[in-house]
1. Arranged from highest to lowest average of other beta-carbon atoms within 10 Å per residue, in what order do the peptides 330-336, 369-375 appear?
2. Per residue of the range 220-229, what does 6.51 cos²θ - 1.76 cosθ + 1.60 with θ = phi - 60° give for ³J(HN,Hα)? Whole Hz please, x for Gly and Pro, Karplus curve as stated.
3. Within the accessible area of the range 111-233, what % is carbon and sulfur when the probe is 1.4 Å and the other protein chains stay in place?
4. Which value, to two decimals, describes the C-alpha radius of gyration of the range 114-208 once divided by 2.2 N^0.38 Å?
5. If you add up the charges near Ala283, with Lys and Arg at +1 and Asp and Glu at -1, over every other residue whose beta carbon is less than 13 angstrom from its beta carbon, what do you get?
6. For the range 221-306, which trypsin sites (Lys or Arg not before Pro) pass both filters: DSSP loop (anything but H, G, I, E, B) and at most 14 other C-beta atoms within 10 Å?
7. With +1 assigned to the C-beta of every Lys and Arg and -1 to the C-beta of every Asp and Glu, and no other charges, what is the dipole magnitude of the range 317-393 about the Cα centre in debye, to the nearest 20?
8. Leaving out ligands, DNA and RNA but keeping every protein chain, what accessible area does Tyr337 have, in Å² rounded to the nearest 10, with a 1.4 Å probe?
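The values are calculated or read from the model by the stated rules, or taken from the named source; none is laboratory data. Quantities reported herein were computed from a predicted structural model and do not represent experimental measurements. In this analysis, Cβ positions are derived from the backbone assuming ideal geometry, glycine residues included, and neighbour counts consider all displayed protein chains. Ligands, DNA and RNA are excluded from the accessible area calculation, which covers all protein heavy atoms including side chains. Shrake-Rupley method; radii C 1.70, N 1.55, O 1.52, S 1.80 Å.
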Amino acid sequence: MAVVTGCDPKDPGVTGGTVSEGTTGGGSDSEGMTGGGSEGTTTVPDTTTSLATTDGPGETTDGPDETTTGGGHDTDSGSTPEDFACEGGAWLFVDPEPSGAGQVSLAADGRARVFSFGLARQFDAAGTLVATAPIPSGAVHWDIDAAGNGYGMFRDEEGVSPRKWLRKFDPAGAMLWERDLGPRDQGYAWGYDIAVAADGTTVYSDRAAVGDGTRMVKHAADGTLLWDLEVEEQLEVTAIGASGAMAALVWNEGVRLLDASGAELWTRPWELSVLSTAAIDGAGAVVVGAEIGSSAVKIGKFAADGTPLWDTFIEEMWGFGDLAVNASGEIAVGGEYSNEPPFRAMVARLDGSGAKLAVYGCDSDSWEVDVAIDEAGTIFASGAVNFDAYHTFATAFE
């Protein structure tokens, strides 16, 4: 799922290693930490294969006391991957090579896929790196379906008439099909996003070629064009639910639910920002998140019929990275503790009622946290940590 990062509502932006075993206990005690090089460090096998409602901060939903596992830990990340740690993590991977921030997705086999700098890494439940595969060069947006197939939006950089393309790849990295999305100089150069359903259905959203509206293009899993339509409002489709309904962020309005044909079911006002996203749970409810004023992250939930259920604030989280929900309605939120360097990655766990159950923190100089959550409630997180350069890290909170 995408987090909108544009500054102008009319021009939103784009949004081998060290593995060690850790414990899921909280606290700032370094014993049992997940940083590489600590006791319990395992060697990564050579498995590289061809696989490829409140009024503001301070007023939150009532619920059980939260467990804070990283809030008091504020050590520097050090100068090597072995120095870095995420408290409460069941395992930790840090790429020893410069690789930037990571994006995490889950396939039906339960494996986490972490995508960064042209490489997809697969981790099993224990955090073992079991396979790697290249991501085709030039992907602007990237996500996977339940089978692990990859979908990317690409754009030509050269030529007399550069184009934008939607391409599908199997888990080994072989292209299955591509579809022309039109001239690169029409709409928004990067496109807004690709939403991918578990069954491989995709919806690409982009600024309309003419006017201030939005173009939405839907393809079936086999690449068949289902519809190509435009709406007057500027919006981004961020998620597709099990029923085919689609959650969208509507600039200057709030959150909208569309049916499988692209028709509006409902729109509800909600405060969005340049960092916003939405997801759909198993009951069809829409969960939306946004960074508000660089001082808190606001999370809200609407029932499938559009009824507002609750809003809450994660006050510790001053930078918003991502939001994910599972079929049971459990929510994972990724972000940072500080809105000024050095950032410190954090992940919050909420239940379906908006009660904050836990907060997990990583060492300083880490940020851009992307999250996924499986049906058992395990949260997978990935982001960037700064040593001599930016490095991908991945971890899990059970």
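1. Result, highest mean first: 330-336, 369-375.
2. 6, 4, 8, x, 5, 6, 9, 6, 9, 9
3. 51
4. That works out to 1.14 for the range 114-208.
5. Within the 13 Å Cβ shell, the charges total -2.
6. Counting only loop positions with at most 14 other Cβ atoms within 10 Å, none of the trypsin sites (Lys or Arg not before Pro) in the range 221-306 qualifies.
7. 220
8. Probe radius 1.4 Å; accessible area of Tyr337 about 40 Å².
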